[in-house]
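Worksheet: one structure, shown below.
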Amino acid sequence: MRCAALLLCLLPAFAADRSFDLPCAPSDFAPSGDGSTIWFLCPANPGGTAAYALDTRSARTVKLTAATFRISLSAAPAGDLAIIRFPRPHQHDLPVLYQRDRRLADLAFDPTLMRWSPDAQLIYFRYGSTTHQEAWDLLGILRFPERTVVNRKLTAPTENFYLCATNNRLYTGTPSKTAVEYDSNGQFLQRWKTFPAGDFSAACRYLATEASFHGPTPWDIIEVSTGRRLFHFEFTDDTLQSSQYEFSAWNPQREGILLRNFYPPSGPIVEVFDVPNGRVLATLPLTDSPARWSGDGRSVVYAHLTTLVIHPVFGDNER
């Protein structure tokens, strides 16, 4: 049952949740990298979306804008910037750059598939394709602060791409194929034979392959240095009649710690999972909007009805 009454496991003695009352039950939210802001979305009739910014220091909420259709969010992993994407008829979504609750600029790129660089100085995005397949081969790079765009031709077409924070490199590929590596400027470096493409952990020691690729799919945790599969999780039962695990996100600061959604027959929950030690550190309720890590990696942020909760998992000095 999706409710906040689910017990929180293994709470450290210092833990104290922070809660914020929102004007709605958010459909999505995104914490800023510096922890100052949480952007969130509210359903708005008929079929629209309203975007808000919550100042976590003052608990002040500011309505930013509203749209007839669905808005989406992408917070920078560092600092206080976010891209809010507005739907436009017969065009790609309009990406708008916000700093906390201030609208800075409309940007000129297609944000359908985009990722911030770990230092928030670049945005990588799907620029286009010279092929007529689902895979694409033109990568766009938006540079800050000048906000200029360049594009690069990829060595091999891809359907997704991933970033490693420790070397600022980019990797493309699918769960069933080996990864192709590029530098931060999109220049080809090498093709790996030991591991596939996937989401990298904070120090890139591990990666998680896609849990959704043309539908739910089994996924793995791979040790990057050896290519060894450490864990395998089934995620193929749409009816969720058996226990299923879905990858959610790596901790941005603590190596080998991830969020995963757990769907046992008794009801869905979120788990904080320690990959090196193979154990669950904390359990939280799974709600209609996903749980997120705070930018400093100490807390998990989740929503229950119209309340947003910042739940500490790690202490200030805990690594």
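Give me Rg/Rg_expected for segment 57-99, where Rg uses Cα atoms only and Rg_expected = 2.2 N^0.38 Å with N residues. Could you put the intermediate results ahead of the total?
Working: Rg = 12.1 Å, N = 43, 2.2 N^0.38 = 9.2 Å.
Its radius of gyration relative to the 2.2 N^0.38 Å reference: 1.32.
Quick one: longest stretch of the chain between exposed loop GluC sites (Glu not before Pro), exposed meaning at most 15 other C-beta atoms within 10 Å and loop per DSSP?
With GluC sites (Glu not before Pro) excluded where exposed in loops, the chain gives 1-133 as its longest stretch.
Each residue of segment 179-191 in turn: what ³J(HN,Hα) in whole Hz from Karplus with 6.51, -1.76, 1.60 and θ = phi - 60°, glycine and Pro shown as x?
Calculated HN-Hα couplings, in order: 7, 10, 9, 10, 7, 5, 9, x, 8, 4, 10, 6, 10 Hz.
Using a Gaussian network model on the chain with a 10 Å cutoff between Cα atoms, which of Ser294, Ser201, Ser27 fluctuates the most?
Ser27
Given a Förster distance of 41 Å, report the FRET efficiency between Ala249 and Lys193 from their Cβ-Cβ distance, rounded to the nearest 0.05.
0.90
Take the alpha carbon atoms of segment 96-167, find their center, do the same for segment 50-80, and report the distance between the two centers in whole angstrom.
21 Å
Each residue of segment 90-100 in turn: what ³J(HN,Hα) in whole Hz from Karplus with 6.51, -1.76, 1.60 and θ = phi - 60°, glycine and Pro shown as x?
6, 9, 5, 4, 8, x, 10, 8, 10, 10, 6
Can you compute log10 of I(q)/I(0) for segment 250-319 with the Debye formula, treating each Cα as one identical point scatterer, at q = 0.12, 0.14, 0.24 Å⁻¹?
-0.30, -0.41, -1.12
Within the accessible area of the chain, what % is carbon and sulfur when the probe is 1.4 Å and the other protein chains stay in place?
Accessible surface attributable to carbon and sulfur in the chain totals 49 percent.
Rounded to whole Å and ordered largest first, report the semi-axes of the equivalent ellipsoid of segment 87-175 derived from its Cα gyration tensor (root of 5λ). Walk me through the numbers before you get to the answer.
On the way: eigenvalues 102, 63, 24 Å².
They are 23, 18, 11 Å, listed from largest to smallest.
Using unit Cβ charges (K, R positive; D, E negative) and no other charged atoms, how large, in debye to the nearest 20, is the dipole of the chain about its Cα centre?
Values: 30 positive and 32 negative charges, 106 e Å.
It works out to roughly 520 debye.
Mind telling me which of Ser212, Ser32, Ser266 comes out most flexible in a GNM of the chain, alpha-carbon contacts under 10 Å?
Ser266
Return an integer: the convex hull volume of the alpha-carbon atoms of the chain, in Å³ per residue.
145 Å³
In a GNM of the chain with a 10 Å cut-off on Cα contacts, which of Asn160, Asn168, Asn45 has the highest mean-square fluctuation?
Asn45
Can you compute the label reach from Asn167? Point 7 Å from Cα along the Cβ direction, backbone N cut-off under 11 Å, restricted to segment 211-228.
225
The values are calculated or read from the model by the stated rules, or taken from the named source; none is laboratory data. Everything numeric here is computed off the predicted structure, so don't read it as measured data. So basically every Cβ, Gly included, is an ideal-geometry build from the backbone, and we count neighbours across all protein chains shown. Side chains included, ligands, DNA and RNA excluded: accessible areas come from the protein's heavy atoms. Shrake-Rupley method; radii C 1.70, N 1.55, O 1.52, S 1.80 Å.
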